[in-house]
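Report on the structure given below.
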């Protein structure tokens, strides 16, 4: 599947294939991507820009801090799933062996995007929102309103009761469905 899609758009298929395989494993900065495919960091940008232009990747900057410290992620959920689970396990799948990858990590990443891009605009319409990170610290979503106040949110993919017991305000998928039905 991915070979056909990529071959229609890119000449250096192996390079693009390698790049797309890296964000699901956590290598999202240009230097991490370039190092992994043994390419000079300055030479990675044309590949990343082509992927953005054609809709295969997104460039994301922290809402607070330097916009120069951007990360890249796969824009399409299907391609993201493919490169997270199918691509690294193709030989096992082709040999009909069971595959047991870290599904929760994948669903957690996609859940964060869903909350930030779909739910937060319903809760805080018209407000600036984005992610923040610095070294190993990250906040999934920060919302700035017109009064210069902010809300910090974490999209967490785990048991609701445990989070509520820890004192967190928790919405589950049923709550999110109610938000959509009211709109």
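Quick check on the range 93-109. Is at least one of its residues surrounded by 16 or more Cβ atoms within 10 Å (Cβ to Cβ) and modelled with pLDDT of 75 or more?
yes
Please go through the range 1-28 and pick out each residue that is in a loop (DSSP other than H, G, I, E, B), modelled with pLDDT of 80 or more and in contact with a helix residue (DSSP H, G or I) (Cβ under 9 Å, 6 or more places away or on another chain).
The answer is 21, 22, 26, 27.
Can you find a residue in the range 149-172 that is in contact with a helix residue (DSSP H, G or I) (Cβ under 6 Å, 6 or more places away or on another chain), at pLDDT below 80, farther than 24 Å from residue 84 by Cβ and surrounded by 12 or more Cβ atoms within 10 Å (Cβ to Cβ)?
There is at least one residue in the range 149-172 that is in contact with a helix residue (DSSP H, G or I) (Cβ under 6 Å, 6 or more places away or on another chain), at pLDDT below 80, farther than 24 Å from residue 84 by Cβ and surrounded by 12 or more Cβ atoms within 10 Å (Cβ to Cβ).
Only one of these conditions is not met by residue 46: (1) modelled with pLDDT of 90 or more; (2) not in a helix (DSSP H, G or I). Which number is it?
The one condition residue 46 does not meet is (2).
Find all pairs meeting these conditions: Cβ atoms under 7 angstrom apart; at least six residues apart or on different chains; first residue within the range 103-119 and more than 23 Å from residue 87 (Cα to Cα); second residue modelled with pLDDT under 75 and in a helix (DSSP H, G or I).
119/176; 119/179
The values are calculated or read from the model by the stated rules, or taken from the named source; none is laboratory data. Keep in mind the model is a prediction, meaning the values are calculated, not measured. As a convention, Cβ positions derive from the backbone with ideal geometry for all residues, glycine included, and neighbour counts pool all protein chains shown.
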